[in-house]
Amino acid sequence: MLNKDFLWGASSAANQIEGGYNEGGKGLSVIDVLAQGENHRVETKGVITGRYYSSHQAVDFYHHYKEDIKLFSELGINSYRMSIAWTRIFPNGDDKEPNEEGLKFYDAIFDELHHYHIEPVVTISHYESPFKRALEGGWLNREMIDLYVRYCETIFKRYKYKVKYWIMFNEMNCLLVPFGIMTAGGIFSSIQSPLNTEQNRFQALHHQFVASAKAICLGKTINPDFHFGTMTASMINYALTCAPDDVLLMQQDRQMKHYFTSDVQIRGHYPGYALRYMREHDIHIDICDGDLEEIKKGVVDFYACSYYMTNCIGYDKDAPKTAANLVAGLKNPYLKASEWGWQIDPQGFRYFLNETYDRYQIPIMVVENGLGAKDTLNSDGTIHDDYRIQYLDAHINAMLEAIEDGVDVIGYLPWSVMDLMALSTGNIDKRYGFIYVDVDNCGQGSFKRYKKDSFYYYHDKIKSLQTRN
């Protein structure tokens, strides 16, 4: 049975939706210097004239937020997971005073959301660390801890009565993946750079653990009713075979790639398997006096997650591989895949929710789940995305089964509320939204908004489930 306060929502991220990258006093973020490349974004040391950066305009929520939030209301959602762009508040990260224009922008966003009775769920840092700080080591630099806490203090006090749910870092475990060095780690570096090592990524992650814990402790003094969450990118793999070696490999992979960051943020200490991993991989992180005590004190209240797919893992080097967002895996012969090769596994969603709740016994908020596909805008303004409806319906039903199993799921906020720029490529041809935005991979188009068939499906699904309860 769903709780009457269940959060039916949808999600986005500032760097993928807002645009207005140099308006309202905003400074450059690490995403703002990721130019469009052939397959993935390309790091540039600043903004280069003539290069296309999709974050600079994105889908222009910055100028369309009022009409967009009205559309959100028509979608029937009661919550919206979004992020605050750090560089709208502190353009360089280390500014003496916050940027008032940026603070007012989010005041206006929250006021508009509350006007339509939509609860904001705010990610504090969603892959958009200040670029100036990235040039100085990003999260490798311990100074980022105090800068982040100061940023948090500013927004906690400003939005004390406007925001209840805060997510500390987006998909924190993605910093362990090479692609995460600049996005999650805020460190100016390419994937191939000698700077992009496990040693550095683990050190940066330690600084984030400390910063998160300190900010949570501070936030609780500002408003004891704040709820703080970790956020994990689901990297659930099945063992390719029932061979014990494959099963053990699956467990070890899941511990480090999937559970490590949430174990620290929920349990308040480094788990033994991670200490062994670092020891055996010659990783030596610098832990200052008081760090572990801070981590122990500043644990989170809820577990937020993204879930899109599952893979298999095993020792068979000849096993066929599958595509994925950040981490590829082996194909599961029992699953179908999207046109991008992502394996579709709603039963895996139920399995993941059950296993996670068994591990932590704290509320779970699903803040990303969805299907990326090429959508066609028809001449009559319709977009028929039955493939997305089928995906969402199967996953919502799997979640409802998990709730019947006893899992405390408090919200479902799929990706994404509207079409937006992809993280890895900066393109928009792989669309996730309930709302179609008329813009192409080069930023050309009318930017007009259209409701997809999935928009009407989700509206009716929410209404029917709310009525049932």
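The values are calculated or read from the model by the stated rules, or taken from the named source; none is laboratory data. Since the structure is predicted, the reported quantities are computational estimates derived from the model, not experimental observations. With ideal geometry, Cβ positions are generated from the backbone for all residues, glycine too; neighbour counts draw on all protein chains shown. These area figures cover heavy atoms from the full protein model, side chains too; ligands, DNA and RNA do not enter into them. Shrake-Rupley method; radii C 1.70, N 1.55, O 1.52, S 1.80 Å.
A few points about this structure:
- In the range 418-433, the condition of being among the basic types (Lys, Arg), within 19 Å of the chain's Cα centre (by Cα) and in a loop (DSSP other than H, G, I, E, B) is met by at least one residue.
- Near pairs, Cβ below 9 angstrom, 6+ apart or cross-chain, from the range 311-330 (among the polar types (S, T, N, Q) and assigned to a strand (DSSP E or B)) to any residue that is open to solvent by 40 Å² or more (accessible area, probe 1.4 Å) and at pLDDT 80 or above: 311/238; 311/321; 311/331; 322/331; 322/335; 322/337
- Taken together, the residues in the range 423-439 that are at pLDDT 95 or above and either acidic (Asp, Glu) or open to solvent by 10 Å² or more (accessible area, probe 1.4 Å) (or both) amount to 4.
- Pair list, Cβ under 8 Å, 6 or more apart: the range 404-420 residue open to solvent by 10 Å² or more (accessible area, probe 1.4 Å), other residue of a type in the set (D, E, K, R) and in a loop (DSSP other than H, G, I, E, B): 410/5
- Within the range 1-28, tally of residues that are within 28 Å of residue 181 (Cβ to Cβ), aliphatic (A, V, I, L, M) and part of a loop (DSSP other than H, G, I, E, B): 2
- Residues located in the range 245-286, provided they are open to solvent by 80 Å² or more (accessible area, probe 1.4 Å), part of a loop (DSSP other than H, G, I, E, B) and under 22 Å from residue 214 (Cβ atoms): 269, 286
- Positions within the range 196-213 being closer than 26 Å to residue 40 by Cα and either in contact (Cβ under 8 Å) with a residue 24 or more places away in the chain or surrounded by fewer than 16 Cβ atoms within 10 Å (Cβ to Cβ) (or both), in sequence order: 197, 198, 199, 200, 201, 202, 203, 204, 205, 208
- Among the candidates 155, 216, 181, residue that is assigned to a helix (DSSP H, G or I), of a type in the set (Val, Ile, Thr), open to solvent by less than 10 Å² (accessible area, probe 1.4 Å) and at pLDDT below 95: 181
- Selected residue (only one of 377, 371, 465 is under 23 Å from the mean Cα position of the chain (by Cα) and of a type outside the set (Lys, Arg)): 371
- Failed criterion for residue 241 (all others in (1) crowded, with 24+ Cβ neighbours inside 10 Å; (2) outside any strand (DSSP E or B) hold): (1)
- Among the residues of the range 219-233, the ones that are out of contact with any Asp or Glu (no Cβ under 7 Å at 6 or more places or on another chain) and either in a strand (DSSP E or B) or under 19 Å from residue 255 (Cα atoms) (or both) come to 1 in all.
- Single residue of the range 315-372 satisfying the filter (acidic (Asp, Glu), at pLDDT 95 or above and open to solvent by 40 Å² or more (accessible area, probe 1.4 Å)) that is nearest to residue 433 (Cα to Cα): 355
- Of all residues in the range 29-51, those satisfying the criterion of being part of a helix (DSSP H, G or I) and either of a type in the set (A, V, I, L, M) or touching a Leu at 6+ places or on another chain (Cβ under 6 Å) (or both) are 31, 33.
- Selection status of residue 241, within 24 Å of residue 137 (Cα to Cα) and touching a residue at least 24 places away in the same chain (Cβ under 8 Å): no
- Of all residues in the range 50-68, those that are farther than 18 Å from residue 102 by Cα and buried (at least 19 other Cβ atoms within 10 Å of the Cβ) total 4.
- Matching residues, the range 69-98, being in contact with a Leu (Cβ under 7 Å, 6 or more places away or on another chain) and surrounded by fewer than 23 Cβ atoms within 10 Å (Cβ to Cβ): 69, 78, 94
- From the options 458, 436, 391, residue that is under 20 Å from residue 338 (Cβ atoms) and in a strand (DSSP E or B): 436
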